[in-house]
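These notes are about the structure you will find just below.
The values are calculated or read from the model by the stated rules, or taken from the named source; none is laboratory data. Note that the structure is predicted; figures quoted are calculated from it, not measured. Cβ placement follows ideal geometry from the backbone for every residue including glycine, while neighbour counts extend to all protein chains displayed. Protein only, heavy atoms only, side chains kept; ligands, DNA and RNA dropped before computing areas. Shrake-Rupley method; radii C 1.70, N 1.55, O 1.52, S 1.80 Å.
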Amino acid sequence: MVSEIISKLIVLFMLICIYNCTAGIGKKDKKRAAIWGALLLLTGVGIYVLYRIASK
């Protein structure tokens, strides 16, 4: 139950990051796009690390 809620919140956060990153690119706002892109990248790396830990 809790894991489903957490996974849905992570997906929601990643969708928000993608939206804000593309909105920053569309408005030629490099700082906004870079910040949201970095947050998206950090989230993806965190998920990958947790996946690798859990698969062992």
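Extending 7 Å from Cα along the Cβ direction at residue 45 and again at residue 22 yields two label points whose distance is 2.4 nm. With all protein chains in place and a 1.4 Å probe, the accessible surface of the chain carries 75 percent carbon and sulfur. For the chain, the relative contact order works out to 27 percent when only alpha carbon pairs closer than 8 Å and six or more residues apart are counted.
From its DSSP helices (H runs of at least four residues, each -39,500 (n - 2.57)), the chain gives a residue-normalised ellipticity at 222 nm of -32500 deg cm²/dmol.
Just to confirm, what accessible area per residue do you get for the chain at 1.4 Å probe, in whole Å²? Here the residues of the chain average 84 Å² of exposed surface.
Determine the sum of side-chain charges near residue 24: Lys and Arg each +1, Asp and Glu each -1, restricted to other residues whose C-beta is under 9 angstrom from that of residue 24. Residues near residue 24 contribute +4 overall.
Rounded to the nearest Hz, the phi-derived 3J(HN,Hα) couplings of the stretch 21-29 under the Karplus curve 6.51 cos²θ - 1.76 cosθ + 1.60 (θ = phi - 60°) are 5, 5, 5, x, 5, x, 8, 6, 9, where x marks glycine and proline.
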